[in-house]
Amino acid sequence: MKLLPPVWTALTGMALLRVVASAEYAGDNDNNNMERSYLSSLVALDRVTGNVTQRGNLDVVHYHDDKDGVLQEEEEVPICRMDYMVGLSAVIQKRRVPINSVDQVEGAAAVALACEHLNTGDGSVVAEVEGLNKRCNIKFQFQALDSFLSPKLAADQVIDLTSRSNSRQPCIFLGNIQSKVTLSTAMITGMRGYPQIGYSTATELEDRTMFPLAARILPSLGINAEILVRYLREQLNVKHLAVLHTDTRESQSYSVALQQAAATLAPDLDLVSLDIPDQLTSPEILQRAVTKLKETNFTYFFGAIRGGHWAALWNETLAQGIAGTGRHTWIYPAGDEYFKSLVVPRDSPQAKVIPGTLLVRLTGYSKQPVFDRLVDATRQMANSKSDRDYILSKLPVYPDVIAQNRSNIFAPIIYNPQFLQRAPTSTSMLTWAYDSAIAAGLAACNATTKDDNTLQGMDHFQAVTRTKFQGATGNVSFDPTTGTRQNSRYRIINIQLDHNRSNDTHVAFQDVTTSIIVDNEFIDLERPIFGDGTSNIPLDLPPVSIEHNYLSVGLQAVGWTMSAIVVVLAVSASGWVLIHGKERVILAAQPIFLHVVFSGVAILGLSIVPLSIDEGTARTIEGCNGACQSFPWFLSVGFSLIFSALSAKTHRVNRIMQNAGFRRVIVSSWDVAKPMFVVLAANVLVLSLWTALSPLQCETEVLAMDPFGRPIETTGFCTSDDSLAYWITLGVINLGPLVFSCYEAYQARDISTEYSETDYIFKALIVMCLVGSIGIPILIIAHDNPSAYFFVLSSITFVVCMSLLILILGPKVVAFYDLQMCSGGKTLPLRFSRSRRGSCAFGSSSAAKQSSVQSFSDGSAANVSGMLILKHPKTAESLAHKNMLLRVQNEELKKELKKSSAETPELLEESEEPLEVNQEVPLPEGAPVVEEDGLLEAYKRLQEANKGLQKENRGLQEENKGLLEENEELKKFIPTHHTEDDDTASA
């Protein structure tokens, strides 16, 4: 045990406090020229010597205070020395110089001030320190150490300091900033039982097996990374990020932390990481790295590289077009002070690249009461020359500097008038160093009692993790498991042009805090300004060109044209029928039937319009959905109107012809309308249920995607959950009338009606079947091509509509205008025909009775509506029956001639004039004429007899004529001398 020199004995214990008190009093006395010291307790402690023993990590000084020259009982002063280790110097060109030392030296001054406040129980800055000297026996000292930015040299110093047995030792280490140095020292301090509160953010420090006593006043990189990931996903909606980092431990740790945070908080965040050497030996290294960044096609980049690489990076990224474009955004973990100090030419790369840059910056609580009180206290300390001298005495002294006969390298910093006078920021080392020293002091006092002056390293560390107070950097608390700072505060900083400091030739920059993160909660202050000069958030990928497969304007115009043609012609046809409704040509075809068919054609033609509407045309999803659901309405209603009317028409004709007797039958409009109403009602019911329960919706199907999963080709279609069931139901309802119409038309193939209407209906059905048989397979093949699908379906609809219009209305128009040309505008008699050579023939009512078509007598035709049956299988049966009767009569006459024995009789004169070859055989009695209710007058002429009927009738007439002539010849041989009774009987 070493004894203290007698000269210092009086300055121990209570004497020390008296010295401190007297110094403070002298500083407050205006009449005393003595300068006040704000570090008086530290100065006094340095003067204390005596026997020293180690109790755990505490140096306990044993002393005897003297009172009135009498030596008193021995007292103990436990001292906890805080060793503040940061990088302070480096050798450049064989000359040691301070590096980044202003902030680091101010941090040393803050540690000294914290020790002073702990020793005196001064709660002027941190309220929890108030009265600590009355609760705690421990006194605090500090010294500054230089890590030389070298893990090896720093570790060697720690080993040396903790291995001394005959000198005072530290009780806790504060530092380092560099992660590689912190990790090397924390491993040694942990093994030797000394806690360490560092300023590193390396995630490795949370490994309790490697670093059992390591805590830190800063949050880990993991928290930094989580803040960045949350900001990108929640605030900017970024899903793609490229990280460029160096091969340093801290930079690599940041990259790993980002990947872990993305996997936890944003699994959909696509993160690509690239590394470059921290020592760039050639420009090609950075060029290749930037090329790889460009190949990602990302627009957001995070640069975890030191500031010395920024200029080269800006030049290369600008050259390759991934910076300065207004579409790319670069983010850095720090650098706000650097950016604010830049003033660059307007045409420089920096002027193009820097605006819009974002920084995710760990920060304290500037402009808060504790922060402001700390700033005031340090500025007061700076006014004391003795305090500056004391701080300088605690900084390292280098043998090489002494050998070069140089003064202390930190003297220019300490004695600079701006030392501790500049406006500190919330991220200055001043705040972090002060709070770390306060945390270490409060924990030391909490880990010991007034009766036990022993402090073990593990107890001290655990007390640190339990320590909580409101410090200059905010609410200070530690994770009890990892020792990492909790309740951190971050700022999102946006680098913008400073127009007030810029001019025509140069530009300056300013940092604008756009968001703050307090206790993991985002507080937005203002919108950032990005590289394009707006607050519009840039996309995280280049804009993608999507092929929507919308219908072209030209193709839509074709469809609309086809629809317009059908609608105009259908409306015109209906109008023409309405105008000429009293003409025989129209009356024979039932005008109400024509109006129904033409209405169905118009509605079916309108179905092309909703078919042509897609998302590109509708502009809104509601409009597209409406077009989807309206298409089956137009299609089904139009189809049902057309084919229910056609099937009803042909069915009525067939039912009439199946009647056993030949009589005039009237077919009313209601007879035609009943089946049409049934089919139409069924369609409306199904469509209404479909619209109400499961309406068609416009959906988009992705056909192709880019490497990032973005659609580059899509197509739209209409669908619903039960659409197939509804389509099948409508198909069954509407295909029934179509099939039935075909069947009825086939059954009526041997029936020839006036104006051959059943023939044209059958032809129209054949055309539709042919179009459907060709078009439907093509429609199925072209289903995946919207343009082809639309054109084929529109063409099928157009052809079906036009074939109906042409084959239903065309013959009636031709017949009507033929009549007009032959009559010259006059009223024609009932019997009218036009020869193939174009000549017109007229017959009287008596002649009409001898024609092949039974007409109406007494001029009643004008009041009768409906078609006349020109040919029916029963007509041929009637002629064949007459032929059979004539043959029987002929045979009887031949038998009678054989019985006659008289002389050969003379030929009898013909009793009847034989039928001419071209003369038509009249219809048998009772041949039916179809009459329809609602027609205004009878047709003025009859359609020419079916040419097939004429040929068949002509053959029967020739045969009948031959039989009549034979019968007349036989009658000539009958004897004239028969009796009157016989003659009468013969007659």
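The values are calculated or read from the model by the stated rules, or taken from the named source; none is laboratory data. Note that the structure is predicted; figures quoted are calculated from it, not measured. We place every Cβ from the backbone using ideal geometry, glycine too, and count neighbours over all the protein chains shown. SASA here: full protein model, heavy atoms, side chains in, ligands and nucleic acids out. Shrake-Rupley method; radii C 1.70, N 1.55, O 1.52, S 1.80 Å.
Within the set of other residues whose C-beta is less than 15 Å from the C-beta of Gly356, count the net charge using Lys and Arg as +1 and Asp and Glu as -1.
Every neighbour counted, the sum reads -3.
At 0.36 nm per residue, minus the direct Cα-Cα distance, what do Asn383 and Ser407 gain on full extension? Give it in nm, one decimal, please.
In short, 6.4 nm is gained.
Work out the FRET efficiency for Asp504 and His309 from their Cβ-Cβ distance, taking R0 = 22 Å, and round it to the nearest 0.05.
Step by step, r from the Cβ atoms, then E = 0.10.
Along Cα→Cβ, 7 Å out, is where each label goes; now give me the distance between the ones at Arg55 and Asp524 in nm to one decimal.
The two pseudo-label positions are separated by 5.8 nm.
For the residue pair Ser124 and Arg466, what label-to-label distance in nm results when each label sits 7 Å from Cα along the Cα-to-beta-carbon direction?
Distance between the two pseudo-spin positions: 3.1 nm.
Counting Lys and Arg as +1 and Asp and Glu as -1, what is the net charge of the other residues whose Cβ lies under 14 Å from the Cβ of Asp146?
The answer is -1.
Can you work out the PRE-style zone for His548? Point 7 Å along Cα to Cβ, and I want the residues of region 711-745 with backbone N under 16 Å.
Only 711-718 pass the distance filter.
Of the GluC sites (Glu not before Pro) in region 478-560, which ones lie in a loop per DSSP and count no more than 12 other C-beta atoms within 10 Å?
Glu526
For the pair Gln486 and Arg47, what calculated FRET efficiency results from E = 1/(1 + (r/R0)^6), where r is the Cβ-Cβ distance and R0 = 45 Å, to the nearest 0.05?
So the FRET efficiency works out to roughly 0.70.
Counting only protein chains, not ligands or nucleic acids, how are Leu735, Leu687 ordered by accessible area (probe 1.4 Å), most first?
Leu735, Leu687
With all protein chains present, calculate the accessible area of Ile516 using a 1.4 Å probe and round the result to the nearest 10 Å².
Here the accessible area works out near 20 Å².
Take the Cβ-Cβ distance between Ala725 and Asn297 as r, set R0 to 41 Å, and report the resulting FRET efficiency rounded to the nearest 0.05.
My answer for the efficiency is 0.35.
List the equivalent ellipsoid semi-axes of region 251-350 in whole Å, largest first, each obtained as the square root of 5λ for an eigenvalue λ of the Cα gyration tensor.
In descending order the semi-axes read 23, 16, 15 Å.
Return the long-range amide H neighbours of Val243 (sequence gap of 5 or more, or a different chain), with a cut-off of under 5 Å between placed amide H atoms.
The list, which skips near neighbours in sequence, is Val272, Ser273, Leu274, Phe302.
Based on the mean of other Cβ atoms within 10 Å per residue, sort peptides 617-623, 122-128 so the most packed one is first.
122-128, 617-623
Please identify which residues in region 549-571 have an amide N closer than 20 Å to a label point set 7 Å out from the Cα of Thr700, following the Cα→Cβ vector.
Those under the cut-off are 549-553.
To the nearest Å, what is the center-to-center distance of region 674-742 and region 369-417, using C-alpha atoms only?
85 Å
Determine the sum of side-chain charges near Asp498: Lys and Arg each +1, Asp and Glu each -1, restricted to other residues whose C-beta is under 12 angstrom from that of Asp498.
Charge balance near Asp498 sits at +1.
I need the peptides 187-196, 675-684 ranked by packing, meaning the mean over residues of other C-beta atoms within 10 angstrom, with the highest value on top.
187-196, 675-684
How much length is gained on full extension from Ile774 to Arg422, taking 0.36 nm per residue of separation minus their Cα-Cα distance?
Gain on extension, Ile774 to Arg422, equals 117.8 nm.
At Asp451 and His595, where each label point lies 7 Å from the Cα along Cα→Cβ, what is the point-to-point distance in nanometres?
Computed distance between label sites Asp451 and His595 equals 11.7 nm.
Relative contact order for region 531-634 using alpha-carbon pairs under 8 Å, separation at least 6, rounded to a whole percent?
For region 531-634, the relative contact order is 30 percent.
Quick one: length gained pulling Lys152 to Tyr415 fully straight, 0.36 nm per residue minus the C-alpha distance?
Using 0.36 nm per residue and subtracting the Cα-Cα distance, I get 91.5 nm.
How do 288-295, 141-148 rank on mean C-beta neighbours within 10 Å, highest first?
Averaged packing, sorted descending, gives the order 141-148, 288-295.
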